[in-house]
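Everything on this sheet refers to the single structure shown next.
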Amino acid sequence: MLIGEVARRSGVSARMLRHYESLGLVRPSGRTGSGYREYAAEDVQRIFQIESLRSLGLSLREIGRALDDPASTPSALVDDLIRRTRARIAAETELLTRLRRINAVDPAGWEDVLQVVALLRALGSNSPDVRQRAALAATDEVPVPVEALVEAALSETDTNVAGALRWALARSADPAPVPLLARALDSPDAAVRGRAVQALAELPGAAATAPLRDALTHPDTVVRRHAALALGAHGVPEAAPTLIGMIIEGVNDTDAADALSVLAGDTTT
């Protein structure tokens, strides 16, 4: 079978077949009297094997080893492919998230895009000072992906940076922080739940009232107490039992008493 017929049957171009031959992946079994390459059935089968392994993401060099090296085991090669594929998916997912966040702020020009990229990098810095400056720079002049601020606030361990991030979220005009933070109240990580309720408690207006009311019956004591302090300060009477309990137990009792004093100022309550 000549190269043109092999190309037609296999779907591999004649140019690629010659490339395979130059790499030693395929060796035509013979030549015609005119010197043309002649492929046997075994050669065609080899071509299909190469294409099958290429579909799994193997490089041509890896394919050569897989087919010719007796020491090459399928399990080790597939394990390595799984590891590389997971790493590639993670990198692509991170890129997709970054692009979505940039698109969410509807940048007017490339200058806006560059500002957002710089902010995202700063929020992910290893330096607390850099992260804090990035949070404090989150103004109306610099478009800020709220989702990125929420993610940073939920993962921040430095007290000063965490405060700056909550301040930035409180200044955000986008209501998006509320559902994102409310969802984090169900996190399996107690620290994340605590940061979420603190951020909700510091949001202005009534947008966070509903999830904070729900948080009064949360199984996490820390979440219940933060919710009660915030709601009591805003005159929500359902917070009173938790606030009284905090005073009895001596936990944040001064803050709890202040919140109760707000409730006491309402004669109806």
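The values are calculated or read from the model by the stated rules, or taken from the named source; none is laboratory data. Quick caveat: nothing in here was measured; it's all calculated off a predicted structure. Cβ: placed from backbone, ideal geometry, glycine included. Neighbour counts: every protein chain shown. With ligands, DNA and RNA removed, areas are computed over all heavy atoms of the protein, side chains included. Shrake-Rupley method; radii C 1.70, N 1.55, O 1.52, S 1.80 Å.
Quick look at the values:
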| read-out | value |
| --- | --- |
| Relative contact order of the chain, pairs being alpha-carbon contacts under 8 Å that are 6 or more residues apart, as % | 8 |
| Sorted peptide list for 176-187, 43-54, criterion being average Cβ within 10 angstrom, highest first | 176-187, 43-54 |
| GluC sites (Glu not before Pro) restricted to the range 75-178 and DSSP loop, no more than 12 other C-beta within 10 Å | Glu141 |
| Global form of the range 215-263, assessed from the alpha-carbon gyration tensor, a/c cut-off 1.5 | oblate |
| Nearest-ten-degree value, helix 146-155 long axis tilted from longest Cα axis of the chain | 80 |
| Helix-derived mean residue ellipticity, 222 nm - over the chain, DSSP H n ≥ 4, -39500 (n - 2.57), to 500 | -21000 deg cm²/dmol |
| Stretch gain in nm, segment Arg18-Arg31, where the contour uses 0.36 nm per residue and the Cα spacing is subtracted | 3.3 nm |
| Scattering profile of the chain at q = 0.12, 0.15, 0.16 Å⁻¹ [log10 I(q)/I(0), Debye over alpha-carbon scatterers] | -0.82, -1.04, -1.12 |
| Degrees, to the nearest 10: 240-249 long Cα axis against longest axis of the chain | 80 |
| Carbon + sulfur, % of accessible area of the chain - ligands and nucleic acids excluded, 1.4 Å | 54 |
| Solvent-accessible heavy-atom area per residue, rounded to whole Å², over the range 133-269 at 1.4 Å | 49 |
| Debye, to nearest 20: dipole size of the range 63-125, +1 on Lys, Arg Cβ, -1 on Asp, Glu Cβ | 160 |
| Folded to 0 to 90 degrees: helix 110-123 orientation relative to the chain principal axis, Cα | 70 |
| Förster-model FRET efficiency, 35 Å R0, Glu202 and Thr85, C-beta, rounded to 0.05 | 0.25 |
| Debye, to nearest 20: dipole size of the chain, +1 on Lys, Arg Cβ, -1 on Asp, Glu Cβ | 1500 |
| Val222, Val150, reordered so the largest accessible area comes first (probe 1.4 Å) | Val222, Val150 |
| Relative contact order for the range 60-196, counting Cα pairs under 8 Å that sit 6 or more residues apart, in percent | 17 |
| Positive-end residue, the chain charge dipole about Cα centroid, Cβ charges, pick of Ile247, Ala233, Leu95 | Leu95 |
